[in-house]
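What follows draws every value from the coordinates through simple rules; no lab data is involved. Bear in mind the structure is a predicted one, so any value in this text is a computation, not a measurement. Cβ sites come from the backbone with ideal geometry, for glycine too, and all protein chains shown count toward neighbours.
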Amino acid sequence: MKKVVVLGGGVGGTIVANIVSRRLKKDANVTLVDKSGKHIYQPGFVYVAFGDEQIHNIIRDEGSLLNKDCKLIIKEATKIDPKDRKVVLDDGQSLDYDYLVIATGSRIVPEEVKGLKEGAHHFYDAEAAEKLRQALIAFAGGKVVVGVGGVPYKCPPAPAEAACQLDYYFKKRGIRDKVQIEFLSPLPRVFPLEAVNPFVTKIFEEKEVAYHTFFNVDYVDPEAKKVYSLEGESVDYDLLILVPPHRGAKVIEESGLGDRGGWIPTDKYTLQAKGFDDVYVVGDATDIPISKAGATAHYEAKIAANNIITQITGAGSLKHYDGKVRCFCDAGFKKGISLSFDYTHPPKPPSNLSLSAYLGKVILNKMYWLTIPSGRF
């Protein structure tokens with residue numbers, strides 16, 4: 001039997017492990033390695049921050065989501081040796097493999113921006129989301145600034161979505177007239193997807209969300225309550241929400257497999273690590289110039305699983321990932337937009353905010369545990 005090792009228990013790794021173990025019961029032993037053994041529905045963090053969700057609802061035991069034929073090891077991978085086909089764990093144990101799936105995601109590194117930890121909030125982990133929730137509850141008026149501390153980062157639309165959620169949040173509290181909201185973008189536009197940018201810009205203007213483009217964060221001064229840019233500008237704030245810089249997993253850096261950011265050079269079609277036809281990479285861990293998001297990992301994982309099955313069984317041919325991504329963005333007031341695109345087809349600009357797009361996100365949030373991790377949807 002072939003040995004398939006999956007590193008990372010996020011959406012991508014879980015889907016691959018479930019599909020391969022379910023379809024190759026007699027041909028493969030599948031082992032998933034995850035350092036925490038907890039599966040987190042990360043899009044829920046922003047709802048925790050705005051008081052619409054509880055942390056315990058967006059975290060499950062990874063073991064409860066895995067096929068019974070898949071083995072779970074709750075340890076951290078510390079070294080990957082693709083030449084000898086082995087993975088070393090933090091207790092010194094080595095795992096040999098015939099096929100490896102690297103789904104180690106990304107990690108936040110707020111320490112890379114001076115003053116960010118002390119002077120800014122974010123919603124990219126459980127603790128930070130809870131802290132932001134308390135800060136918003138205590139906020140009675142003033143200027144809220146939302147920005148990006150470094151690229152790439154998980155879920156590119158999230159900062160703009162948060163700006164819209166702030167407008168909604170303060171209107172519900174009846175203090176929107178006491179709050180200024182300003183959005184800082186490192187790009188020459190407010191929204192990462194150029195085709196959708198005019199629509200989002202119009203939404204910002206309707207919601208009276210000020211925006212400042214070409215603002216690449218340099219550092220934060222918590223005492224002066226100012227955020228400074230590499231371009232030499234500064235913006236005052238009373239409450240700062242800043243997406244922290246992201247890097248690839250430590251094991252990628254320590255194994256010498258990544259680029260300067262810790263992202264693994266990956267064939268954007270086959271999802272094989274460049275130079276290794278027995279190593280697949282899915283989700284945030286890749287260097288593919290596409291959204292680092294759960295929706296991306298979802299579609300990539302199915303391709304990677306299929307290709308591993310094809311290689312093991314010798315039946316069929318390798319499938320190619322076409323860059324498909326589909327996501328929903330919540331703009332507040334039970335309205336949203338739906339975006340669908342791939343490598344060759346940019347998203348179509350929305351004509352309006354819609355209830356159906358908002359409901360699409362609500363349904364996904366509620367049904368995620370029953371549909372996505374299994375790989376059946």
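Would you check which residues across segment 230-259 are touching a residue at least 24 places away in the same chain (Cβ under 8 Å) and assigned to a strand (DSSP E or B) and list them?
Answer for segment 230-259, where residues must be touching a residue at least 24 places away in the same chain (Cβ under 8 Å) and assigned to a strand (DSSP E or B): V235, D236, L239, L240, I241, L242, V243, H246, R247, G248.
Read through the list (1) free of Cβ contacts under 8 Å to residues at least 40 places away in the same chain; (2) buried (at least 21 other Cβ atoms within 10 Å of the Cβ), then give the number of the only condition that A103 fails.
Among (1) free of Cβ contacts under 8 Å to residues at least 40 places away in the same chain; (2) buried (at least 21 other Cβ atoms within 10 Å of the Cβ), the lone unmet condition for A103 is (1).
Tally up the residues in segment 106-122 that are more than 18 Å from K35 (Cα to Cα) and surrounded by 17 or more Cβ atoms within 10 Å (Cβ to Cβ), please.
Result for segment 106-122: 8.
Listed here are the residues, each with its yes/no results for (1) in contact with a strand residue (DSSP E or B) (Cβ under 7 Å, 6 or more places away or on another chain); (2) surrounded by 24 or more Cβ atoms within 10 Å (Cβ to Cβ).
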site	(1), (2)
G9	yes, yes
R23	no, no
D27	yes, no
I40	yes, no
G44	no, no
D61	yes, no
P82	yes, no
K86	yes, no
G92	no, no
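Here is a list of conditions, (1) among the charged types (D, E, K, R); (2) buried (at least 18 other Cβ atoms within 10 Å of the Cβ); (3) within 28 Å of H345 (Cβ to Cβ), and E194 meets all of them except one; can you say which number that is?
(2)
Please report, ordered by residue number, the strands (runs of 3 or more DSSP E) entirely within segment 14-124 with at least 1 residues that are under 30 Å from G332 (Cα atoms) and of a type in the set (A, V, I, L, M, F, W, C).
38-40, 59-61, 106-108
Only one of I288, I309 is in a loop (DSSP other than H, G, I, E, B), buried (at least 19 other Cβ atoms within 10 Å of the Cβ) and in contact with a Gly (Cβ under 9 Å, 6 or more places away or on another chain); which?
Details: I309 fails: in a loop (DSSP other than H, G, I, E, B).
Of I288, I309, the one residue that is in a loop (DSSP other than H, G, I, E, B), buried (at least 19 other Cβ atoms within 10 Å of the Cβ) and in contact with a Gly (Cβ under 9 Å, 6 or more places away or on another chain) is I288.
Test each condition in (1) more than 17 Å from the chain's Cα centre (by Cα); (2) not aromatic (F, W, Y); (3) not in a loop (DSSP other than H, G, I, E, B) for G375 and report the one that comes out false.
(3)
Quick test of your reading of the structure: I363 fulfils all but one of (1) touching a helix residue (DSSP H, G or I) at 6+ places or on another chain (Cβ under 9 Å); (2) free of Cβ contacts under 8 Å to residues at least 60 places away in the same chain; (3) surrounded by fewer than 18 Cβ atoms within 10 Å (Cβ to Cβ). Name the failing condition by number.
(1)
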